[in-house]
Amino acid sequence: MKIAAILDTKGHTVHSVLPWHTVAEVVERLGKVGVGAVLVCDENKVIKGIASERDIVRALRRHGAALLPMPVSEVMTKYVETCEPDETVAHAMARMTAGRYRHLPVLSEGRLVGMVSIGDLVKNRVREMEMETGVLRDAVISRQ
């Protein structure tokens with residue numbers, strides 16, 4: 001299965017903030033929309049980084065309450081791995097596991113078209129396994 005199929009199911013919405021938004025604003029946004037990360041993009045929608053709950057917790061440990069008014073650009077992960085819609089789910093899962101990141105923006109011809117999380121990929125894989133199990137069970141039952 002391809003990443004495009006997951007985006008077709010979950011949607012193409014990508015939550016993003018500008019680099020000068022404060023960490024407090026980002027925390028509010030994460031909570032409001034119920035996601036674990038937002039992309040940090042410039043005015044032209046060029047990805048500059050990603051800010052995840054993990055980034056914020058690590059920065060909170062370093063800076064304490066002084067973190068909240070800081071620009072998110074100071075705590076975001078600057079290098080962001082991406083994928084394309086035709087990448088397989090298995091390949092994307094392997095990359096995310098090896099790189100220890102949980103969110104993967106999806107670019108098509110250099111344009112942002114969505115974002116998948118490791119949870120999206122695992123949910124998809126579980127669905128596939130349940131379907132395979134059902135097919136195998138039906139095949140065994142039909143032979144008896």
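Every number here is computed from the coordinates shown, using simple stated rules; none is lab data. These numbers come from a predicted model, not from an experiment.
Observations on the structure shown:
- Each helix, a run of at least 4 DSSP H residues, gives -39500 (n - 2.57); summed and divided by the residues of the chain, these come to -15000 deg cm²/dmol at 222 nm.
- Its relative contact order, with pairs defined as Cα atoms under 8 Å and 6+ residues apart, puts the chain at 25 percent.
- For the chain, fraction of C-alpha pairs farther apart than 25 Å, in %: 36
- In summary, the lysines within cross-link reach of Lys2, defined as a Cα separation below 21 angstrom excluding same-chain residues under 8 places away, comprise Lys10, Lys123.
- Built amide H within the under 5 Å cut-off of Met115, gap 5+: Val106
- Springs between Cα atoms under 10 Å define the GNM used for the chain, and in it the highest mean-square fluctuation of Ala65, Ala92, Ala37 occurs at Ala65.
- Backbone geometry of the range 94-102 corresponds, through the Karplus equation with coefficients 6.51, -1.76 and 1.60 at θ = phi - 60°, to 3J(HN,Hα) couplings of 5, 4, 5, 5, 5, x, 6, 10, 10 Hz, x marking Gly and Pro.
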